[in-house]
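Comments concern the structure below.
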Amino acid sequence: MNDSFTAIDFETAHGKRWSICQVGLVQVEDGRIKKELSMLIQPPENYYWSNFTDIHGISAKHTRTAATFDKVWHQLAPYVNNQNLVAHNGAFDFHCLKQTLEYYSIAVPSYTGHCTYKIFKDNLAALCRKHRIPLNHHDALSDALACARLYLLHLNQTKS
């Protein structure tokens with residue numbers, strides 16, 4: 001198992017997966033957290049569904065001056081391209097990444113996806129309670145940090 005990876009989490013503005021409004025990235029090298037990145041992103045037309053804002057607290061007023069995804073991708077790409085990419089509920093986050101890149105006509109990079117939901121078979125909040133991992137649920141950086149800690153726990157369990 002490789003102890004170097006990027007944990008990623010997205011929050012979206014509405015039901016379309018290309019409506020990313022926040023990204024959290026945690027870069028782990030040799031089993032240690034090396035870098036954290038949290039970024040608000042303006043979704044297309046800065047359009048939100050109120051029930052999504054109720055979940056994560058982000059609304060159009062928070063992202064009206066934020067850059068759109070295509071303007072920040074160059075900052076995110078090094079953490080994704082040819083990396084081990086880890087998400088909790090990867091089916092959601094990897095799909096958000098793919099659909100958003102396609103929305104902006106950006107090539108989808110190659111990466112190896114890993115999903116802590118599939119590994120642990122429980123939701124993020126319950127796992128964080130069980131393993132005493134701090135969590136401000138639905139903040140993309142907090143979710144990515146929790147995911148990174150869970151994946152490190154998994155890597156350590158597979159070594160012993």
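Note on region 129-140: residues that are within 20 Å of Gln27 (Cβ to Cβ) and surrounded by 15 or more Cβ atoms within 10 Å (Cβ to Cβ) total 4. You will find that of Leu85, Leu25, Leu37, Leu76, the residue that is surrounded by 14 or more Cβ atoms within 10 Å (Cβ to Cβ), among the aliphatic types (A, V, I, L, M) and not in a strand (DSSP E or B) is Leu76 and no other. Taking the numbered list (1) surrounded by 13 or more Cβ atoms within 10 Å (Cβ to Cβ); (2) charged (D, E, K, R); (3) modelled with pLDDT under 95 in turn, Lys159 passes all entries but (1). Within 23 Å of His14 (Cα to Cα), assigned to a loop (DSSP other than H, G, I, E, B) and of a type in the set (Gly, Ala, Ser): which single residue out of Ser142, Ser105, Ser110 fits that description? Of Ser142, Ser105, Ser110, the one residue that is within 23 Å of His14 (Cα to Cα), assigned to a loop (DSSP other than H, G, I, E, B) and of a type in the set (Gly, Ala, Ser) is Ser105. For beta carbons closer than 8 Å, sequence separation of 6+ or different chains, a first residue in region 126-155 that is closer than 24 Å to Leu40 by Cβ and a second that is of a type in the set (Phe, Trp, Tyr), the qualifying pairs are Ala140/Phe10; Ala148/Phe5.
Note on region 106-124: residues that are under 14 Å from Ala91 (Cα atoms) and among the small types (Gly, Ala, Ser) total 1. Looking only at region 83-109, residues that are in contact with a strand residue (DSSP E or B) (Cβ under 6 Å, 6 or more places away or on another chain) and in contact (Cβ under 8 Å) with a residue 40 or more places away in the chain come to 8 in all. Beta carbons closer than 9 Å, at least 6 apart along the sequence or on distinct chains, pair a first residue in region 1-27 that is free of Cβ contacts under 8 Å to residues at least 60 places away in the same chain with a second that is of a type in the set (Lys, Arg) for Gln27/Lys34; Gln27/Lys35. Which members of region 93-103 meet the condition of being under 13 Å from the mean Cα position of the chain (by Cα), more than 21 Å from Val28 (Cα to Cα) and either acidic (Asp, Glu) or surrounded by fewer than 18 Cβ atoms within 10 Å (Cβ to Cβ) (or both)? Within region 93-103, His95, Lys98 meet the criteria. Here Leu150 passes the criteria (1) exposed (fewer than 14 other Cβ atoms within 10 Å of the Cβ); (2) more than 13 Å from the chain's Cα centre (by Cα); (3) not charged (D, E, K, R) except the one numbered (1).
Looking at Ile106, Ile119, can you tell me which residue is surrounded by fewer than 16 Cβ atoms within 10 Å (Cβ to Cβ), of a type in the set (A, V, I, L, M) and over 14 Å from the mean Cα position of the chain (by Cα)?
Going through Ile106, Ile119 in turn, just one is surrounded by fewer than 16 Cβ atoms within 10 Å (Cβ to Cβ), of a type in the set (A, V, I, L, M) and over 14 Å from the mean Cα position of the chain (by Cα): Ile106.
Within region 51-73, the residues that satisfy the criterion of being within 21 Å of Ser142 (Cβ to Cβ), assigned to a helix (DSSP H, G or I) and hydrophobic (A, V, I, L, M, F, W, C) are Phe52, Ile55, Phe69, Val72.
The values are calculated or read from the model by the stated rules, or taken from the named source; none is laboratory data. If you're wondering where the values come from, they're calculated on a predicted model, not measured in any experiment. Please note: Cβ atoms are built from the backbone with ideal geometry, for glycine as well, and neighbour counts cover all protein chains shown.
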